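Step one of this worksheet: look at the structure below.
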Amino acid sequence: MALIASQSIVEDGLTVTLTAPGTVTNTFTNTGKEFILIENSSGGEVTVTVTTVVTSVENNQYGILAKANAVKGVAATSTGLIGTFAVTPYNGTDGAVSFTLNTTTDVKVAILYIG
């Protein structure tokens, strides 16, 4: 599992540094403003799954509410975005979000936020 550093988009812009993930499971520190940029140079679809740590909560008015994982398919030779991720349902005790890729072949990612 690799921790990927976030990059801030500022008024002057940002030249994004894409990272080739070394493993299918990765993490990033989450403040609720981050999103994942996925560049898929492969010949097949890449699926990104962002794991929730709180999957349900009980509400007095509505009963039990479910929170599913966030899932995004990125078509071959395409770029996609997924996020942002609310802190309570997605952050682990370490303040990080975990996400998996179905493959790392010809895939690069960046964690971005507006700063």
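Quick look at the numbers
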quantity	calculated
Odd one out for Thr52 among (1) under 13 Å from the mean Cα position of the chain (by Cα); (2) in a loop (DSSP other than H, G, I, E, B); (3) closer than 16 Å to Ile111 by Cα	(3)
Test: Thr47 is of a type in the set (S, T, N, Q), in a strand (DSSP E or B) and more than 16 Å from Leu112 (Cα to Cα)	yes
Count of residues meeting criterion [within 21 Å of Thr93 (Cα to Cα) and in contact with a Leu (Cβ under 6 Å, 6 or more places away or on another chain)] in region 27-80	3
Odd one out for Asp106, checked against (1) farther than 19 Å from Met1 by Cα; (2) of a type in the set (Asp, Glu); (3) modelled with pLDDT of 95 or more	(1)
Whichever residue in region 52-94 is under 15 Å from Asn26 (Cβ atoms) and not aliphatic (A, V, I, L, M) and, among such residues, is surrounded by the most Cβ atoms within 10 Å (Cβ to Cβ)	Tyr90
Some residue of region 10-30 being in contact with a Gly (Cβ under 9 Å, 6 or more places away or on another chain) and either free of Cβ contacts under 8 Å to residues at least 12 places away in the same chain or loosely packed, with under 12 Cβ neighbours inside 10 Å (or both)	yes
Pairs with Cβ under 9 Å, 6+ apart, first in region 51-64 and more than 30 Å from Met1 (Cα to Cα), second among the hydrophobic types (A, V, I, L, M, F, W, C)	Glu58/Ile64; Glu58/Leu65; Asn59/Leu65; Ile64/Val57
Residue in region 101-115 that is of a type in the set (S, T, N, Q), part of a loop (DSSP other than H, G, I, E, B) and either farther than 19 Å from Pro21 by Cα or within 12 Å of the chain's Cα centre (by Cα) (or both) present	no
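Yes/no per residue for (1) in contact with a Lys or Arg (Cβ under 6 Å, 6 or more places away or on another chain); (2) not small (Gly, Ala, Ser):
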| residue | (1), (2) |
| --- | --- |
| Glu39 | yes, yes |
| Ser42 | no, no |
| Asn59 | no, yes |
| Tyr62 | no, yes |
| Thr79 | no, yes |
| Asp94 | no, yes |
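The values are calculated or read from the model by the stated rules, or taken from the named source; none is laboratory data. Predicted model, so just to flag it, every value in this text is computed and none were measured. Positions of Cβ are generated from backbone atoms using ideal geometry, with glycine treated the same way; all protein chains shown enter the neighbour counts.
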